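Trainee: My structure is below; once you've seen it, I'll send some questions.
The values are calculated or read from the model by the stated rules, or taken from the named source; none is laboratory data. In this text, all values refer to a predicted model and were calculated from it rather than measured experimentally. Cβ placement follows ideal geometry from the backbone for every residue including glycine, while neighbour counts extend to all protein chains displayed. Areas reflect the complete protein model, heavy atoms only, side chains present, ligands, DNA and RNA absent. Shrake-Rupley method; radii C 1.70, N 1.55, O 1.52, S 1.80 Å.
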Amino acid sequence: MAQESEHQSQETPLNYRGARRIVWLVFLLVVVWFILRSLQSVVLLFAIVFLIAMVLNPIVVWLQKHRVPRLASVLLLMLALIAVAGTIILFAIPPLARQGQELVHNAPEVWRGIRTRIESLTQNYPEVRDALPRTDEIAGKVGDAAGTVGSILLRSTIGLVGGLVGTVFAILLLIFVLANPQPLVAGYLALAPDRYREQAHRTLARLMRQMIAWARGVAINGAITGISIGTLLWLVGVQPALMFGVFAFLGEFLPNIGPILVSIPILLVALSMGATKFWLALGVIVLVYQVELNLLVPGVLGKEMRLHPVNILFFTLATATLFGILGAVLAVPAAALAQIVIDEFYLRPRKPDYAAIDREAAALVEGRN
């Protein structure tokens, strides 16, 4: 009888109660969208602070287990992070600034080299000449693209921190969150109805585990990738290698599109130095990112982050549209949160037969009825 009743309920057409739920869900999504649009900077700031708090909380807990009071643990951790940031600024920023100035100063020479290579290519291959726009048109498009990217970066940075005052506010907010997170977690659990309390608990627990794994993976992969690309480019004579290595590290925070954005300036500078440098730089990029994709990502992240690249790309574009280029950093956390919520609140209660669903999906993909 129970199976027959369930079968009948599945075949029942949409009733007034079901339609009302759908309308309320759509209305709620629209309200959330307008809130996000109107409070972009605030939402981005708090989202990044909460994400950092999730990542740093295990360190604070570890210090607590060694009999260090929580507030003292948080302050010690903040002092350590500030010391590391100060050391990086003291020793890494001057050479980076020097290489950046040299790159800007040599930009006309770099572009002349690129133009020479393109013109040589078009003379040898007329088909390529007909397919490519003129070099001055390419220069205009590259300049416009660079200006657009620069304005996005500047607007996102100013919108996020608002200068030194915003940075200090973010640090204080992080200290407050880490010093006493229990009321925040309790408030989150209290908002969930009693019948969904267990799902809400598992959602937060899974999100915290995945964010720790993601942050660890980004840090390790970024360090290895940045050092590898910087060192190999220095060995093959493509400069500024240090700056390109830093770009490669930062590119790890932009899922999927980061390596592409990093590769473009490297290949352009290498092309201006000659065809040999171009192919060597391309080989470095392919080698490093293949090693990362096939060895580092599976080894560091393991099975914690099981996100399809299409989902990550969608959330990358969505978060970048909402919050600018810095919002793309939240693409993986947003995709993970969406996947966990759907799994906990919709899929698990239905108990779907994943094996049968996979077989059905394979049949559809392969064109079998």
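Trainee: Checking A19 against (1) modelled with pLDDT of 75 or more; (2) open to solvent by less than 70 Å² (accessible area, probe 1.4 Å), only one condition comes out false. Which one?
Mentor: Here A19 meets the rest and fails (1).
Trainee: Would you confirm, using the coordinates I've provided, whether G367 is at positive phi and open to solvent by less than 80 Å² (accessible area, probe 1.4 Å)?
Mentor: Against the criterion (at positive phi and open to solvent by less than 80 Å² (accessible area, probe 1.4 Å)), G367 qualifies.
Trainee: May I pose another question? Checking Y346 against (1) free of Cβ contacts under 8 Å to residues at least 60 places away in the same chain; (2) surrounded by 17 or more Cβ atoms within 10 Å (Cβ to Cβ), which test does it fail?
Mentor: (2)
Trainee: Continuing with the same structure: What tally of residues in the stretch 231-257 results from selecting those that are of a type outside the set (F, W, Y) and closer than 23 Å to A328 by Cβ?
Mentor: Of the residues in that region, 11 qualify.
Trainee: Among residues belonging to the stretch 184-200 that are under 15 Å from M54 (Cα atoms) and open to solvent by 70 Å² or more (accessible area, probe 1.4 Å), point out the one that is modelled with the lowest pLDDT.
Mentor: Selected residue: Y188.
Trainee: Only one residue in T319, T276 is among the polar types (S, T, N, Q) and open to solvent by less than 70 Å² (accessible area, probe 1.4 Å), so which one is that?
Mentor: T319 is the lone residue from the list that is among the polar types (S, T, N, Q) and open to solvent by less than 70 Å² (accessible area, probe 1.4 Å).
Trainee: So, one more: Please verify whether W234 is of a type outside the set (A, V, I, L, M), open to solvent by 20 Å² or more (accessible area, probe 1.4 Å) and farther than 22 Å from F345 by Cβ, treating the condition exactly as stated. Can you show your working first?
Mentor: On the way: of a type outside the set (A, V, I, L, M): yes; open to solvent by 20 Å² or more (accessible area, probe 1.4 Å): yes; farther than 22 Å from F345 by Cβ: yes.
Against the criterion (of a type outside the set (A, V, I, L, M), open to solvent by 20 Å² or more (accessible area, probe 1.4 Å) and farther than 22 Å from F345 by Cβ), W234 qualifies.
Trainee: Quick check on my filter: what residues within the stretch 215-231 are under 26 Å from P58 (Cα atoms) and either out of contact with any Asp or Glu (no Cβ under 9 Å at 6 or more places or on another chain) or open to solvent by 30 Å² or more (accessible area, probe 1.4 Å) (or both)?
Mentor: A215, R216, A219, I220, A223, I224
Trainee: Name the single residue, out of those in the stretch 247-265 being in contact with a Leu (Cβ under 7 Å, 6 or more places away or on another chain) and buried (at least 19 other Cβ atoms within 10 Å of the Cβ), that is farthest from G226 (Cα to Cα).
Mentor: Across the stretch 247-265, the extreme among qualifying residues is L254.
Trainee: For the structure I just gave you, tell me whether S38 is surrounded by fewer than 10 Cβ atoms within 10 Å (Cβ to Cβ) and at pLDDT 70 or above.
Mentor: Yes; evaluated as a whole, the condition is true for this residue.
Trainee: Just give me the residues in the stretch 60-88 being more than 21 Å from T167 (Cα to Cα) and open to solvent by 60 Å² or more (accessible area, probe 1.4 Å), in sequence order.
Mentor: The answer is W62, Q64, K65, H66, R67, P69.
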